[in-house]
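Bear in mind these aren't lab numbers, they're just calculated from the coordinates by the rules spelled out. Computed from a predicted structure; not experimentally measured. Virtual Cβ from ideal backbone geometry, glycine too; neighbours counted across all protein chains shown.
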Amino acid sequence: MQVTETLNQGLKREYKIAIPASQLRSKVDGKLNELGQKLRIPGFRPGKVPMTLLKQRYETAVMGEVLEESVQQSSQQLMTERSLRPASQPKVELIGEFKPEADLEFSVALEVIPDITPMDFTTISLERVVVEVPDNEVDDSLNRIAKRQRSSEAAADDYVAKNGDIAVIDFVGSIGGVEFQGGKADGHYLELGSGAFIPGFEEQLVGVKKGDKKTVKVTFPAEYGNSDLAGKEAEFAITVNEVRVLKDVPVDDELAKSLGLADLAELKKQARERIEREYGVVSRARVKRKLLDVLADKHDFTLPEVLVEAEFGAIWQQIEADMKADRLDEEDKGKSEDDLKKEYREIAARRVKLGLLLSEVGRHNNIQVPNEELSRALIQEAQRYPGQQQQVIEYYQRSPEALNQLRAPLYEEKVVDFILERAKVNERKVSPEKFAEEGEAELKGRRD
Amino acid sequence: MSRARKMEKPVVTLSDAAKLEIIRRPHVTEKATMGSEHNQVTFRVPLEASKPEIKAAVESVFKVKVTAVNTIRVEGKSKLWRGRPGKRPDFKKAIVTLAEGSKIDVTTGI
């Protein structure tokens, strides 16, 4: 194998590789021999097929195989010998027409991954916003839980129903004296004022008692789901079987126990933790964005064009689809296509830069995604397709590329964690209102 | 001086098409390839083909010189087919010895 470098410019490399014919010949012969050992041809015992016959029948096929193999092998060898790290699949091209008895010559063109020296992460200083959850937010959440838990009990016979009570009713609905489909039910639990029925219906039931019979006249709203009924006036004959009063469940130890917890303090703690976790996720995303900003700022290296082009291509496809469907962001609408292209090319470049940087950092520091985490992600993904979990999992197990797509975000998180551990992160406590405000301000005018 | 009457050389008259008919196909087996060291090639020929006919056919079709022709009739195997006795057809092999300097590439086919 003879290698000559024909281009070394920036990140681009091009090599010419020549493989002597004799080397190919011996490889082909070896392969044919091997083939002859197991080939069954009528008239011959296995392994006794004469070479001439083998050559006649299989030489071209074997030659193609050998060519492909040696091209691949020698490009691989080239990479390891010169310790090149290609940014993409190398482009291999045959020089001239291939003749069986001539030396094989081909060129390999590729772009390498630039040398990246990650900055000293300890010099990064970031601010993590920690939200102090005020007590009233915890209480709100507890009240919501309590409301979900409340039950109703039958009221006294002469109790007059008011908003918020439940009326257990039989009803028969008719339009112009004719019953219509779906307008009839027995023993229906209707919470007055809940807005579950068409407007006007529940209001007219306020003030009924157990055993009352009443006719309610309502007009179906014009935009009612069933077009047969929309806009029509209807009468409902109603019998009130019972009036039930909702009983509020007090926020106390009892409530906590019914939820399987020890006492109210425990419940409070859990509620607070859950809220804190929710804020934590958002806060982390913000820190990460800031970190990426810093990283993109502080690093400057040439980017492999192929990668940027590929990324840009993907974005642009999306944009073009959006353009056709007229779904462009407000901001983008006024801009010319060239401007947009320029803008998105920058975004693509940023993504490639960060992607390379993060993977480089991960590689240097031997960061890996543990299998358990991957399988957890896999299960989560599978649960998005109810009923087909098994197929989804099998699909991922069979295709390593798909699995890599699952792994990529996990890996990114790991690397970000790694950097954050080293960076200086100051914590600042804020109230939830301020937190939301800051988040909106930050997001304004940026897309990446 | 032998007392036997000298046999006359048989005269073969075959049309071009008939010559092609005689050489049915090359017979490529391990045994047949062994003959290639002695400048022999093997063909399948019709059962009724005679040696002079085969010689004439091979000489004219491949443009070679033939020194000898040996033939073997091979009886078809009897096989049971769905429990009933059957028989594979018989065939004739012709081992043709070529004069030095002549060559036939058997596997290229006709």
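The mean sequence distance of close C-alpha pairs (under 8 Å, at least 6 residues apart), as a share of the length of chain B, puts its relative contact order at 29 percent.
A straight Cα-to-Cα reach below 13 Å connects B:Lys87 with the aspartates and glutamates B:Glu75, residues fewer than 8 places away in its own chain not being considered.
Segment B:11-39 and segment A:28-54 have their alpha-carbon centroids 24 Å apart. Equivalent-ellipsoid semi-axes for segment A:151-247 (Cα gyration tensor, √(5λ), whole Å, largest first): 25, 14, 10. Highest GNM mean-square fluctuation, chain A, Cα pairs closer than 10 Å: which of A:Leu406, A:Leu192, A:Leu24? Maximum among the listed residues: A:Leu192.
Cα centroids of segment B:46-63 and segment A:164-184: 104 Å apart.
Close Lys pairs in segment A:151-247 (alpha-carbon distance under 16 Å; sequence gap of 8 or more, or different chains): 8.
Largest mean-square fluctuation among B:Lys65, B:Lys31, B:Lys92, in a Gaussian network model of chain B whose springs join Cα atoms under 10 Å apart, belongs to B:Lys31. When only the Cβ of Lys, Arg, Asp and Glu is charged (+1, +1, -1, -1), the dipole of the protein assembly as shown relative to its Cα centre reaches about 5960 debye. For GluC sites (Glu not before Pro), the sites in segment B:7-56 that DSSP calls loop and that have at most 14 other Cβ atoms within 10 Å are B:Glu8, B:Glu48. The gain in end-to-end length when the A:Ser83 to A:Gln270 segment is fully stretched comes to 61.9 nm, 0.36 nm per residue minus the alpha carbon separation. About its Cα centre, the dipole of segment B:42-110 is roughly 520 debye, where the only charges are +1 on Lys and Arg Cβ and -1 on Asp and Glu Cβ.
Label positions at A:Ser227 and A:Asn426, each projected 7 Å from the Cα along the C-beta direction, are separated by 6.3 nm. Site pair A:Ala18 and A:Phe180 shows an inter-label distance of 9.0 nm when each label is modelled 7 Å from Cα along Cα→Cβ.
Comparing mean-square fluctuations of A:Met51, A:Met63, A:Met323 from a GNM of chain A with C-alpha springs under 10 Å, the top value falls on A:Met51. In terms of distances greater than 18 angstrom between alpha carbons, the cross-link table entries B:Lys6/B:Lys63; B:Lys51/B:Lys93; B:Lys31/B:Lys93; B:Lys31/B:Lys79; A:Lys55/B:Lys55; A:Lys27/A:Lys99 yield B:Lys6/B:Lys63; B:Lys31/B:Lys79; A:Lys55/B:Lys55. Directionally averaged projected area (chain A, Cα convex hull): 39.3 nm². Quick one: longest stretch of chain A between exposed loop GluC sites (Glu not before Pro), exposed meaning at most 15 other C-beta atoms within 10 Å and loop per DSSP? Counting only loop sites that pass the neighbour cut-off, the longest clear stretch is A:224-448. Annotation: extensible slack from A:Glu437 through A:Met1 equals 150.5 nm (criterion: 0.36 nm per residue apart, minus Cα-Cα distance).
I'd like the antiparallel share, as a percent to the nearest 5, of DSSP beta bridges with both residues in chain A. Present the calculation step by step, with values, prior to reporting the outcome.
On the way: 48 of 55 bridges.
Around 85 percent of the beta bridges assigned by DSSP in chain A are antiparallel ones.
Calculate the length of the line joining the C-alpha centroid of segment A:196-215 to that of segment A:70-95, in whole Å. Cα centroid of segment A:196-215 versus Cα centroid of segment A:70-95: 81 Å apart.
In degrees from 0 to 90, rounded to the nearest 10, what is the angle of the helix A:305-325 Cα long axis to the longest principal axis of chain A? For helix A:305-325, the angle is close to 40 degrees. Across chain A, C-alpha contacts under 8 Å between residues 6 or more apart give a mean separation that, scaled by the residue count, equals a relative contact order of 17 percent.
Over 28 Å between Cα atoms: which of A:Lys38/B:Lys19; A:Lys353/A:Lys414; A:Lys269/A:Lys424; A:Lys48/B:Lys103; A:Lys342/A:Lys434 fall into that group? If you can, show how the numbers build up before the last one.
Numbers: A:Lys38/B:Lys19 38 Å; A:Lys353/A:Lys414 18 Å; A:Lys269/A:Lys424 30 Å; A:Lys48/B:Lys103 23 Å; A:Lys342/A:Lys434 35 Å.
In this structure, A:Lys38/B:Lys19; A:Lys269/A:Lys424; A:Lys342/A:Lys434 exceed 28 Å between Cα atoms.
Grab the beta carbon distance between A:Glu59 and B:Thr13, set R0 = 45 Å, and tell me the FRET efficiency rounded to 0.05.
Numbers: r = 42 Å, r/R0 = 0.93.
It comes out at approximately 0.60.
Each helix, a run of at least 4 DSSP H residues, gives -39500 (n - 2.57); summed and divided by the residues of chain A, these come to -16500 deg cm²/dmol at 222 nm. Per residue of peptide B:28-36, the mean number of Cβ atoms on other chains within 10 Å of the residue Cβ is 4.
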